[in-house]
1. Please report the orientation-averaged projected area of the stretch 26-84, defined via the convex hull of its C-alpha atoms, in nm².
2. Once the piece of chain linking ALA103 and LYS124 is laid out straight, how much longer is it, given 0.36 nm per residue of separation minus the C-alpha distance between them?
3. Over the chain, what is the mean sequence separation of C-alpha contacts under 8 Å (at least six apart), divided by residue count, expressed as relative contact order in percent?
4. How far is helix 125-134 tilted, in degrees, relative to the longest principal axis of the Cα atoms in the chain, given as a value from 0 to 90 rounded to the nearest 10?
5. Please report, in whole Å, how far the alpha carbons of the chain spread along each principal axis, starting with the longest.
6. Per residue, how large is the accessible surface of the chain? Use a 1.4 angstrom probe and give square angstrom.
7. With the calculation restricted to Cα positions, what are the radius of gyration and Dmax of the stretch 90-138 in angstrom?
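The values are calculated or read from the model by the stated rules, or taken from the named source; none is laboratory data. Being a predicted model, the structure only gives us computed values, none of them experimental. All accessible areas refer to the heavy atoms of the entire protein, side chains included, with ligands and DNA or RNA removed. Shrake-Rupley method; radii C 1.70, N 1.55, O 1.52, S 1.80 Å.
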Amino acid sequence: MAYWLLKTEPDDFSWEEQCARGKKGEPWTGVRNAQARNNLLAMKKGDLAFFYHTGAERRIVGVVQVIKEAYQDPTTDDKRWVVVDVVAKEPAPKPVTLQAIKASPKLGDMTLVKNSRLSVQPVKEAEWRLIRKMGGFE
């Protein structure tokens, strides 16, 4: 299993909207960056991802699970762009802010810190465990 982080502007698509989709989940549409697309292509059914609100919030607010692997993005005719379907798994008991992540020396090499603009990014297992602890998931 691999771990990821998916970024969204909460005014465009929020954690609450993701939860409202229920068990049918939601396609992660609109990715138009080659590196982010490659990360979508690498995702496997069952992988987990942090759900991250960008903009003013800048925080991890929950965890989603990949329920369908990459396929053509239905919001474009351009075959280069793909989506995965994700379903809400659990809210963050205590949202983890970007500020808290940057303040942790153990997370200094995290993609979110080094390349904060990338909308779909990998998360190392040790980073995943630490952020879950910071967010009160465990």
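1. Quarter of the Cα hull surface area: 4.2 nm².
2. 5.8 nm
3. On the way: 270 pairs, mean separation 41.3, N = 138.
Answer for the chain is 30 percent.
4. With rounding to tens, the tilt is 60 degrees.
5. Sorted largest first, the three principal extents are 42, 30, 29 Å.
6. Values: 7360 Å² over 138 residues.
Per-residue value: 53 Å².
7. 10.4, 28
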